[in-house]
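The values are calculated or read from the model by the stated rules, or taken from the named source; none is laboratory data. Computed from a predicted structure; not experimentally measured. Virtual Cβ from ideal backbone geometry, glycine too; neighbours counted across all protein chains shown. These area figures cover heavy atoms from the full protein model, side chains too; ligands, DNA and RNA do not enter into them. Shrake-Rupley method; radii C 1.70, N 1.55, O 1.52, S 1.80 Å.
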Amino acid sequence: MAKAQDMTTMMKDMMGAFPVDTAAMEEAFKTTATLSEKLSGVALEAAEKSTEVSSKWTKDTLSKMADMSKAKAEPADYAKAMTDFASASAEVAAEHMAAFAEIAKKVQMDTVELMMAAGKDMTEDATAAVKKATADVTAAAKKAAAK
């Protein structure tokens, strides 16, 4: 039983000798929080622009519907109004879909750019943390061996 106690004491001493680097953890957390903030900014900007495009599309459609719904002198004018409305709607739809595509393309480019930058930052943080941990463990092992 005495040996088990000695082993427990030795383990406690050894664990106490290994320093815990909270600075590396804090830096990793800050990097992750900053990335989350930037990604949220990209998403919010895209949502805002998408809402603007949707609103403009709705206004354009309602405006064209107002023109179509006006009373006409001849029955043939109703058919022409419907044809004009359908043609204008198709044109407006193409414009707005292109605007949505531009928003999506920008979101994709911004996201890739952020992820690449974050990956570089995280790699640098991890490398620094591993170097420091290795140095600390080596120092702690030497200290423990000297006892």
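Below are the figures for this structure:
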{"read-out": "Value of [θ]222 nm, deg cm²/dmol, for the chain, DSSP H segments ≥ 4, -39500 (n - 2.57) each, nearest 500", "value": "-34000 deg cm²/dmol"}
{"read-out": "Two-site FRET efficiency, residue 128 against residue 49, from Cβ-Cβ distance with R₀ of 35 Å, rounded to 0.05", "value": "0.40"}
{"read-out": "For the stretch 75-89, 3J(HN,Hα) per residue [Karplus equation, 6.51 cos²θ - 1.76 cosθ + 1.60, θ = phi - 60°, Hz, x = Gly/Pro]", "value": "x, 5, 5, 5, 5, 5, 4, 5, 5, 4, 4, 4, 5, 5, 4"}
{"read-out": "Crossing angle, helix 2-17 versus the chain [Cα axis fit, 0-90 degrees, rounded to tens]", "value": "50"}
{"read-out": "Volume in Å³ per residue [convex hull over Cα atoms, computed for the chain]", "value": "137"}
{"read-out": "Length released on extending from residue 101 to residue 12, taking residue separation times 0.36 nm less the Cα-Cα span", "value": "26.0 nm"}
{"read-out": "Globularity ratio of the stretch 67-147, using Cα Rg and 2.2 N^0.38 Å", "value": "2.82"}
{"read-out": "Accessible surface of the chain, 1.4 Å probe, proportion on carbon and sulfur as whole %", "value": "66"}
{"read-out": "Candidate lysines - alpha carbon under 23 Å from residue 80, same-chain residues fewer than 8 apart omitted", "value": "59, 64, 70, 72"}
{"read-out": "Principal axis box of the stretch 35-97, alpha-carbon based, largest edge first, Å", "value": "62, 17, 8"}
{"read-out": "Whole-number accessible area per residue in Å² for the stretch 41-147, which is evaluated in the context of all protein chains at 1.4 Å", "value": "71"}
{"read-out": "Residue 131 - accessible surface, heavy atoms, 1.4 Å probe, Å² rounded to 10", "value": "140"}
